[in-house]
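To keep things clear, I will list the structure first and then write my remarks on it.
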Amino acid sequence: MAKETRVYRSPLVERNASREMAELFGADMKFRTWRRLWLELARAQKKLGLKISEAQLRQMQQHLDDIDYKKAAAYEKKFRHDVMAHVHTFGDAAPKAAPILHLGATSCYVGDNADLILMRKGMEILAGKLACVIDRLGKFAKQYKSMPTLGFTHYQPAQLTTVGKRASLWCYDFVLDLEELEKRIETLPFRGVKGTTGTQASFLTLLGGHSDKVRRLDEMVARAFGFSRRCAVTGQTYPRKIDKLVVDGLASIAQSAHKMCNDIRLLANLKEMEEPFEKSQIGSSAMAYKRNPMRCERTTGLARLVLSLATSPAMTAAEQWLERTLDDSSNRRVAIAESFLATDGILEILINITDGLVVYPKVIAARVSAELPFMATENILMAGVQAGGSRQALHERIRVHSHAAAAQVKQHGKENDLIDRLQKDPAFAKVDFRRVLNPKDYIGRAAQQVDEFLAEVVVPIRRRYRNQLSRKVDLKV
């Protein structure tokens with residue numbers, strides 16, 4: 001047995017998330033970001049008058065990416081402190097800079113700021129994938145905007161809608177998610193240079209008591225990493241409520257995905273719609289005829305994971321003591337990264353699904369035909385009145401025939417014969433039944449609503465993300 005198969009490996013990485021997202025939350029990206037944070041701190045401190053040489057900065061620049069992980073692991077085993085392990089490892093690689101590395105900073109300077117940098121990039125990745133899902137659902141909605149289908153409330157037959165209008169409901173959920181994600185990207189603050197308990201005392205001492213220089217230091221480092229906003233105040237950490245707000249946005253995506261995929265699973269049972277099913281795909285190891293909706297099932301499973309993970313940042317934010325406590329660290333290492341990895345996996349699957357949704361128009365039409373007679377009774381009643389009949393007398397005839405037809409369907413398993421019964425009733429002799437039984441007369445403004453939704457909501461999103469909409473996804477499994 002190969003050594004790598006003996007230990008647990010995350011299915012989120014091996015089966016679901018993209019390589020791009022897995023690398024973003026990998027160790028190398030994290031620690032290379034730490035080194036860049038140390039470099040930018042030193043650069044800003046030099047500009048503000050501290051005795052830091054160009055040679056020191058140059059040596060730091062030269063060793064941003066050549067991390068000796070064996071040495072770092074040995075240091076961490078010795079110090080029981082991951083940040084100090086990497087301070088020493090970086091100092092060994094850039095010995096000229098060792099005396100000024102991490103000057104005035106606390107561990108959260110690199111830990112928290114790196115987390116914010118990575119979360120912002122993760123949200124940007126997710127936003128592009130959300131736009132892909134919105135784009136594809138928009139195309140699907142346009143294609144089927146006028147195809148009547150049976151609508152359901154309480155999963156009971158209701159009025160007609162259209163296949164495209166239903167897809168627009170799924171799409172709009174994701175639009176709302178994208179709006180929330182974009183807001184979070186735009187407003188995400190940088191922790192900045194705040195010191196051990198957030199008072200900036202160490203930096204005030206280093207900069208000779210010049211408060212304005214400390215403020216400028218905070219601004220300069222934030223700007224170096226592209227942040228226009230900084231936490232107004234912090235303890236040792238940035239407010240852990242920020243993690244909650246970010247992961248809540250991911251949980252919202254999970255909610256939308258779960259809803260849509262459950263709908264597709266229900267429609268697959270009705271044989272009206274299916275997710276893509278490949279030529280050699282096996283639906284069941286025992287029942288060879290089955291076409292299980294495995295993509296939608298995987299999506300709903302991952303969605304529940306994200307929803308459950310979203311409770312951890314809320315509890316962590318509530319649990320912090322005074323200026324900080326360390327019981328957040330072990331939880332955050334898992335909850336934040338896995339929330340992003342699982343959400344990324346969800347969107348990867350959804351792009352694949354929405355690229356190949358299959359619709360069965362004849363099955364849809366047959367179900368509409370079976371239920372439309374009941375829905376058409378009001379129009380039949382009005383047509384009978386316009387032909388000279390009594391509204392109350394016609395209503396009673398429809399009631400009697402409807403109950404009799406329903407009994408044929410429910411008690412005897414026969415087809416709905418309501419229209420045959422009404423056509424044979426002399427009271428409705430003057431009603432043009434072909435006219436009142438056109439399904440498109442019962443879909444309201446569904447097609448126009450889809451057109452309006454696409455023009456007003458989807459098209460602007462397509463413009464903003466036009467360079468990312470060609471993304472294709474081949475699922476790993």
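Pairing each residue of segment 177-195 that is at positive phi with any residue that is outside any loop (DSSP other than H, G, I, E, B) and surrounded by 17 or more Cβ atoms within 10 Å (Cβ to Cβ), provided the two are 6+ apart or on different chains, yields C-beta distances under 7 Å for G192/D218; G192/V221; G192/A222; G192/R230; G195/S202; G195/F203. The test for being out of contact with any strand residue (DSSP E or B) (no Cβ under 6 Å at 6 or more places or on another chain), in a helix (DSSP H, G or I) and not assigned by TED's automatic domain parsing to the domain that holds Y172 holds for G384. Being in the same structural domain as L350 (by TED's automatic domain parsing) and part of a loop (DSSP other than H, G, I, E, B), is that true of even one residue in segment 157-170? Looking for residues that are in the same structural domain as L350 (by TED's automatic domain parsing) and part of a loop (DSSP other than H, G, I, E, B), one finds none in segment 157-170, hence no. In summary, H81 fulfils each of the numbered conditions (1) surrounded by fewer than 15 Cβ atoms within 10 Å (Cβ to Cβ); (2) modelled with pLDDT of 95 or more with the single exception of condition (2).
For segment 323-375, a residue qualifies if it is crowded, with 16+ Cβ neighbours inside 10 Å and outside any helix (DSSP H, G or I), and the qualifying residues are R324, D355, L357, V359. Filtering segment 354-404 to residues that are more than 22 Å from R435 (Cα to Cα) and hydroxyl-bearing (S, T, Y) leaves T354, Y360. For T205, state whether it is within 18 Å of T106 (Cβ to Cβ) and either within 23 Å of the chain's Cα centre (by Cα) or not in a loop (DSSP other than H, G, I, E, B) (or both). Yes. Taking residues in segment 230-241 that are in contact (Cβ under 8 Å) with a residue 60 or more places away in the chain, and partners anywhere that are outside any loop (DSSP other than H, G, I, E, B) and surrounded by fewer than 20 Cβ atoms within 10 Å (Cβ to Cβ), the pairs with Cβ atoms closer than 6 Å and at least 6 places apart or on different chains are R240/A317; K241/A317. Would you check if K145 is at pLDDT 95 or above, touching a strand residue (DSSP E or B) at 6+ places or on another chain (Cβ under 9 Å) and in a loop (DSSP other than H, G, I, E, B)? So K145 fits the description; yes. Filter segment 148-185 for residues that are closer than 18 Å to L347 by Cα and of a type in the set (S, T, Y); which is surrounded by the fewest Cβ atoms within 10 Å (Cβ to Cβ)? Looking at residues that are closer than 18 Å to L347 by Cα and of a type in the set (S, T, Y), I get Y172.
Summed over segment 460-477, the residues that are closer than 14 Å to L178 by Cβ and hydrophobic (A, V, I, L, M, F, W, C) give a count of 2. Which number in (1) within 30 Å of N269 (Cβ to Cβ); (2) surrounded by 14 or more Cβ atoms within 10 Å (Cβ to Cβ) marks the one condition that E378 misses? Result: E378 passes all but (2).
Quick check on V233: is it of a type outside the set (S, T, Y) and assigned to a helix (DSSP H, G or I)? Against the criterion (of a type outside the set (S, T, Y) and assigned to a helix (DSSP H, G or I)), V233 does not qualify. Where helices (runs of 4 or more DSSP H) fall wholly inside segment 6-117, the ranges with 3 or more residues that are among the polar types (S, T, N, Q) are 54-62. Look at (1) touching a strand residue (DSSP E or B) at 6+ places or on another chain (Cβ under 7 Å); (2) at pLDDT 90 or above and you find that Q411 fails only one, number (1). Counting the residues of segment 308-322 that are crowded, with 18+ Cβ neighbours inside 10 Å and part of a helix (DSSP H, G or I) gives 4.
The values are calculated or read from the model by the stated rules, or taken from the named source; none is laboratory data. Keep in mind that what you see is a predicted model, and the values were worked out from it rather than measured. Heads up, the Cβs are rebuilt from the backbone with ideal geometry, glycines too, and the neighbour counts pull from every protein chain shown.
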